[in-house]
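Each remark here refers to the structure printed beneath this line.
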Amino acid sequence: HTDVVYNLLEFDFGLRQNIFDDHTQLALRYSLSRYNADIGSFYIPGSGDSPGFRNLYLVGNVFSAQLTHDGIVPNVDRDINPIGRTFTLRYSYEINKFNPDGEFNIESGVLVPQYAKPSFHRVEVLWNEHLPLPIDKHTLTLSVRGASTLGKRVDGFFDFYGGGFIGMRGYPFYGLGGNDLAVVSAAYRFPLVSKLNFRFLQFYFTKLYASVFADYGDSWTGPAPDVGKWKKDAGFELRLESFSFYLYPTRIFFSGAYGFDRFNRTFNNEDVTYGKEWRFYLGVLFDFEMNPISRTLQQLTYRAR
């Protein structure tokens, strides 16, 4: 047994410019990242104590271009119950030095990591259509998300993930992972109380909405599974819009989802079973809508693990 502390040092350089109109933006970005594991000293039977060392297991260089369109209609409900279209298309090219298995050679008494050098192209797309219904303040949201690692298969460390509260909520975040990903979703949203307008402590509550949703999708590495065998889930969500100190947006949500399909995935030679259970999420954020292919969320997902 030994202590392991993970560290990330990253530099991002980017340029952003509106194109076509004020609602569409193109961003060009370069990221240099170094992922380290600081490993404490440990005892080797028959050899004695081994001193601690730093394992630089990934040096990443990512060049990306991202096109984003925000066509949400400006109105008092645009955060809690948007109407309009949003679209994100992201292309990236990665050049990495990666030591997935912690392999080292001893050179002049120094541990030298043995790097593989995976490089690959990736494409991700997210399209949301928020459609008004004939009933006032009732909407239907249709979403499509797709992601693909182009060309040859890459290590599972770089997988896309489609579960959790930014994906198919009926399954854990790492439950759905692979080099490729596809998810289609639908949500019906309606007001429970459109004018709360009361204060509690520093919070001022304005409105409460509810929705029911369903997702259909899967992730894979290699040949795509038959569409009829993709995973399914359905659930509900409550959205409470409020402000802190009358100024800061405070978006509170609670959702529950049930995954209809049971399946196994293998991690570290152990099978883990997913599906056929309820999963619940509680969040307090600045916004209700989250973009699962944003740069920030990617840093917190497949890279940080």
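The values are calculated or read from the model by the stated rules, or taken from the named source; none is laboratory data. Predicted model, so just to flag it, every value in this text is computed and none were measured. Because the Cβ atoms are built from the backbone with ideal geometry, glycine has one as well, and the counts that use them run over all protein chains shown. When the accessible area is computed, the model is the full protein with side chains, heavy atoms only, and any ligands, DNA or RNA have been set aside. Shrake-Rupley method; radii C 1.70, N 1.55, O 1.52, S 1.80 Å.
In the range 149-167, the residues that are at positive phi form Cβ pairs under 9 Å with partners that are among the charged types (D, E, K, R) and modelled with pLDDT of 90 or more, at six or more places apart or across chains, as follows: GLY164/ARG279.
Comparison of TYR258, TYR204, TYR246, TYR216 shows that the only residue that is open to solvent by 30 Å² or more (accessible area, probe 1.4 Å), farther than 24 Å from HIS121 by Cβ and either without any contact (Cβ under 8 Å) to a residue 12 or more places away in the chain or in a loop (DSSP other than H, G, I, E, B) (or both) is TYR246.
Looking for something out of contact with any Leu (no Cβ under 6 Å at 6 or more places or on another chain), closer than 30 Å to ILE19 by Cβ and surrounded by 15 or more Cβ atoms within 10 Å (Cβ to Cβ) - is there at least one such residue anywhere in the range 49-61? The answer is yes, given that some residue of the range 49-61 is out of contact with any Leu (no Cβ under 6 Å at 6 or more places or on another chain), closer than 30 Å to ILE19 by Cβ and surrounded by 15 or more Cβ atoms within 10 Å (Cβ to Cβ).
This table checks each residue for (1) over 17 Å from LEU111 (Cβ atoms); (2) charged (D, E, K, R); (3) touching a residue at least 40 places away in the same chain (Cβ under 8 Å).
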{"site": "ARG29", "(1), (2), (3)": "yes, yes, yes"}
{"site": "LEU32", "(1), (2), (3)": "yes, no, no"}
{"site": "ASN36", "(1), (2), (3)": "no, no, no"}
{"site": "ILE39", "(1), (2), (3)": "no, no, no"}
{"site": "ASP49", "(1), (2), (3)": "no, yes, no"}
{"site": "ASN55", "(1), (2), (3)": "no, no, yes"}
{"site": "GLN66", "(1), (2), (3)": "yes, no, yes"}
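In summary, THR296 fulfils each of the numbered conditions (1) farther than 14 Å from PHE165 by Cβ; (2) modelled with pLDDT of 90 or more; (3) β-branched (Val, Ile, Thr) with the single exception of condition (2). Filtering the range 1-20 to residues that are open to solvent by less than 100 Å² (accessible area, probe 1.4 Å) and not hydrophobic (A, V, I, L, M, F, W, C) leaves THR2, ASN7, GLU10, ASP12, GLY14, ASN18.
Tallying residues that are within 21 Å of ALA257 (Cβ to Cβ), of a type in the set (Lys, Arg) and over 22 Å from the mean Cα position of the chain (by Cα) within the range 116-169 yields 0. The single condition among (1) surrounded by 17 or more Cβ atoms within 10 Å (Cβ to Cβ); (2) closer than 18 Å to PHE120 by Cα; (3) of a type in the set (Val, Ile, Thr) that THR68 does not satisfy is (2). Only one entry of ASN36, ASN61, ASN96 meets the criterion of being touching a Lys or Arg at 6+ places or on another chain (Cβ under 6 Å) and modelled with pLDDT of 85 or more, and that entry is ASN36.
When residues in the range 1-52 are screened for being within 23 Å of GLY71 (Cβ to Cβ), hydroxyl-bearing (Ser, Thr, Tyr) and assigned to a loop (DSSP other than H, G, I, E, B), 0 of them pass.
Name the residue that is surrounded by the most Cβ atoms within 10 Å (Cβ to Cβ), counting only residues in the range 116-146 that are part of a loop (DSSP other than H, G, I, E, B) and touching an Asp or Glu at 6+ places or on another chain (Cβ under 9 Å).
PRO118
Going residue by residue through the range 198-215, is there one that turns out to be within 15 Å of ALA257 (Cβ to Cβ) and of a type in the set (Phe, Trp, Tyr)? Scanning the range 198-215 turns up at least one residue that is within 15 Å of ALA257 (Cβ to Cβ) and of a type in the set (Phe, Trp, Tyr). On inspection, GLY222 qualifies as exposed (fewer than 14 other Cβ atoms within 10 Å of the Cβ) and in contact (Cβ under 8 Å) with a residue 40 or more places away in the chain. When the residues of the range 147-168 are filtered to those that are among the hydrophobic types (A, V, I, L, M, F, W, C) and within 28 Å of LEU282 (Cβ to Cβ), the one that is most open to solvent (accessible area, probe 1.4 Å) is PHE165. In the set (1) free of Cβ contacts under 8 Å to residues at least 24 places away in the same chain; (2) within 18 Å of the chain's Cα centre (by Cα), GLU270 fails one condition alone, (2).
Among the residues of the range 77-103, those identified as out of contact with any Gly (no Cβ under 7 Å at 6 or more places or on another chain), in a strand (DSSP E or B) and open to solvent by 60 Å² or more (accessible area, probe 1.4 Å) are LEU89, TYR91, TYR93, ILE95, LYS97.
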